[in-house]
Amino acid sequence: MSYARPAGLPVVDAMTPPVLVLSGPLTHSGVSGPCDALRALLDSGGGGAGRVVVCDVGGLGPPGLDAVDLLARLQLTARRGGGGILLRDASPALCALLDLVGLRFETEGQPEQREPPLGVQEAVEPGDPAV
């Protein structure tokens, strides 16, 4: 007996971004492999949700300049391919280091910069003109 794939799953699969799992220890010479894997995910039609690939950075280990270099190169590779990356399991130390060097990444569970967080309403001062 064979089972047909339930209706609706292809749409869900098309909306779920692929995940690229990154693991350490990192070396400067080991940057090309993840960049090639990211490029392949973008070229194969992966990254259906706005051509975004989720990069799971939880296994990178302690953050350092090799991690910054890798993530900067991955972001550049994604942008050149018409996509973007989203970080998963980024430690507070890694986020602080990326912020320190001036790199901005969106992380899972964080609202996009263009959208206010849910449940936040702007205050209106009496006498403000209607928009």
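The values are calculated or read from the model by the stated rules, or taken from the named source; none is laboratory data. Remember, predicted model here, so these are calculated numbers, not experimental data. Note: ideal-geometry Cβ built from the backbone for every residue, glycine included; neighbour counts use all protein chains shown. Accessible surface is based on the protein model in full, side chains and every heavy atom, while ligands, DNA and RNA are left aside. Shrake-Rupley method; radii C 1.70, N 1.55, O 1.52, S 1.80 Å.
Some points to look at:
- The distance between label points at Asp36 and Val21 comes to 2.0 nm (points 7 Å beyond Cα on the Cα→Cβ vector).
- Figure note: Leu74, Leu65 ranked by solvent-accessible area, largest first, 1.4 Å probe, ligands and nucleic acids not counted: Leu65, Leu74.
- Each peptide in 77-87, 95-105 was scored by the mean count of other Cβ atoms within 10 Å over its residues; highest first, the order is 77-87, 95-105.
- Under 5 Å from the amide H of Leu60 lie the amide H atoms of Gly24, each residue being 5 or more positions distant or on a separate chain, with H modelled from the backbone and absent for Pro and chain starts.
- Built amide H within the under 5 Å cut-off of Thr107, gap 5+: Leu87
- Segment Leu76-His28, length gained on full extension (0.36 nm per residue, minus Cα span): 15.7 nm
- The slack between Asp69 and Arg104, meaning 0.36 nm per residue of separation minus the straight C-alpha distance, is 11.3 nm.
- Karplus (6.51, -1.76, 1.60) ³J(HN,Hα), θ = phi - 60°, over the stretch 21-28, in Hz, Gly and Pro reported as x: 8, 9, 9, x, x, 8, 10, 4
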